[in-house]
1. Starting from 0 in steps of 5 Å, tell me what percent of the Cα-Cα pairs of the chain lands in each bin.
2. Within a Cβ distance under 13 Å of Tyr65, other residues only, what is the Lys/Arg minus Asp/Glu net charge?
3. May I ask you to compute the full-extension gain from Lys100 to Gln68, defined as 0.36 nm times their residue separation minus their alpha-carbon distance, rounded to one decimal in nm?
4. At Glu4 and Ser48, where each label point lies 7 Å from the Cα along Cα→Cβ, what is the point-to-point distance in nanometres?
5. Where Lys and Arg each count +1 and Asp and Glu each count -1, what net charge lies around Ala92 among other residues with Cβ under 10 Å from its Cβ?
6. Ordered by packing density, taken as the mean number of other Cβ atoms within 10 Å over each peptide's residues, highest first, how do 15-27, 51-63 rank?
7. Where does each of 90-97, 66-73, 34-41 land if you order them by average Cβ count within 10 Å, highest first?
8. Using Cα-Cα distances under 8 Å and only pairs 6 or more residues apart, what relative contact order does the chain have, in percent?
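All of the numbers you see were taken from the coordinates with simple rules; none came from a lab. No experiment lies behind these values; they were computed from the predicted model shown. Glycine also receives a Cβ, built like all others from the backbone with ideal geometry; neighbour counts cover every protein chain displayed.
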Amino acid sequence: MKYEIKQTDEFKQWLKQLNNPLAKINVLKRIERAAKGNFGDHKLLPNSGGISEMRIDTGKGYRIYYAQQGNVIYVLLNGGDKSTQRTDIEKAKSIWTDLKNLT
C-alpha cells in the first residue's frame, strides 16, 4: 500500500535546521520508506490522540511524530532526542488537533 506524505511547516523547519547530515539522510529515507508502507521502528503513543512515533537510531536518537488519516500520513514534527521528547509529543498533539479541525 502506498501512502501520501504531508509535511507540516513545523516539520520542514525542523528538518532544515537539523545539523547532523547523516541524521537528515536517515530521516528522509525513513519518510520515503513510510510512503511505501514500511514504517520501520515505530509505535502508537498511548494517550496521544492517534499520534505515532518513528524512531531513528542515529546520533541522539531522532523521532518523527506523525498521524494517519486513511492513506494520508501527516508528518507533524521531529522531537530530536530524548531530552525534548515530552514537549515534542505535546506539540505534536496540538498540531494534530489543529489539522483535524481543518478537515
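1. Bin by bin from 0 Å, the calculated values are 2, 13, 26, 28, 20, 9, 2, 0.
2. Values: positive: Arg30, Lys43, Arg55, Arg63, Arg86, Lys91, Lys93; negative: Glu10, Glu53, Asp88, Glu90.
Value of the local net charge: +3.
3. Values: separation 32, 0.36 × 32 = 11.52 nm, distance 1.06 nm.
That pair, Lys100 and Gln68, stretches by 10.5 nm at full extension.
4. With each label point 7 Å from Cα toward Cβ, the separation is 2.3 nm.
5. Its environment carries a net charge of -1.
6. Values: 15-27: 13.2, 51-63: 17.4.
Put in order of decreasing packing, that is 51-63, 15-27.
7. Result, highest mean Cβ count within 10 Å first: 90-97, 66-73, 34-41.
8. Result for the chain is 27 percent.
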